[in-house]
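Notes follow once the structure below has been shown.
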Amino acid sequence: MSTPGKQPRSSSMTYEEEEEMQHDIAKLRDQVQQVSLAQKGTEAKMEAKMDDLKTDMNDLKTDMDELKKLLQERVTNGERVVKETHDENKRNVNHDSTDSNVGSKTHHIPKIDMRKFDGKDPTTWILQME
C-alpha cells in the first residue's frame, strides 16, 4: 500500500550507484562531524583568548588607577610646593623692598629673579614668576 502524495521509489538506480551514493553520504557526514569538532575547538580557543583579554584589560585598569593616584599625589604635592615657594618668594620680595627703602625717600623696585622658561612644568614657572 502506498501513501497518497508520495511517488513510489523508482528503481532506475543500480546497486552500484546506490552504494556510491551511500558512500558519498557517509563521507559528507564525516566531513560535517570534523567541521563541527573544529568549530568547537575554535570556540574553546576564542573563549580562552577572550578570558586572557579580560584579564589584561583588568590589569590595565588597575595600572591606570594606580597612575591616576600617583599623578594626583604629585599634583597635590606640586601645588603645595609651588604655593610654599610662591609665599617664600613673596616674603623675600617684600623684605628686600622694605630694606631698600629704609632711610631713603626714593622708591626702589627690588631686583626679581626672572628665570628663563625651560619648557617643563609651565604652571610652576608661572606661579614663581608671579
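The values are calculated or read from the model by the stated rules, or taken from the named source; none is laboratory data. Source: prediction; values computed, not measured. Positions of Cβ are generated from backbone atoms using ideal geometry, with glycine treated the same way; all protein chains shown enter the neighbour counts. Protein only, heavy atoms only, side chains kept; ligands, DNA and RNA dropped before computing areas. Shrake-Rupley method; radii C 1.70, N 1.55, O 1.52, S 1.80 Å.
Any idea how many residues of segment 85-116 are open to solvent by 90 Å² or more (accessible area, probe 1.4 Å) and at pLDDT 65 or above?
13
Condition check: open to solvent by 80 Å² or more (accessible area, probe 1.4 Å), in a helix (DSSP H, G or I) and at pLDDT 95 or above. Does GLN39 satisfy that?
Considered against the rule, which asks whether it is open to solvent by 80 Å² or more (accessible area, probe 1.4 Å), in a helix (DSSP H, G or I) and at pLDDT 95 or above, GLN39 comes out as no.
Examine segment 72-84 for a residue that is surrounded by fewer than 11 Cβ atoms within 10 Å (Cβ to Cβ), outside any helix (DSSP H, G or I) and either at pLDDT below 80 or among the hydroxyl-bearing types (Ser, Thr, Tyr) (or both), and state whether such a residue exists.
Taking every residue of segment 72-84 in turn, none turns out to be surrounded by fewer than 11 Cβ atoms within 10 Å (Cβ to Cβ), outside any helix (DSSP H, G or I) and either at pLDDT below 80 or among the hydroxyl-bearing types (Ser, Thr, Tyr) (or both).
Here are some conditions: (1) open to solvent by 100 Å² or more (accessible area, probe 1.4 Å); (2) part of a helix (DSSP H, G or I); (3) modelled with pLDDT under 95. PRO8 meets all but one. Which one does it not meet?
PRO8 satisfies every listed condition except (2).
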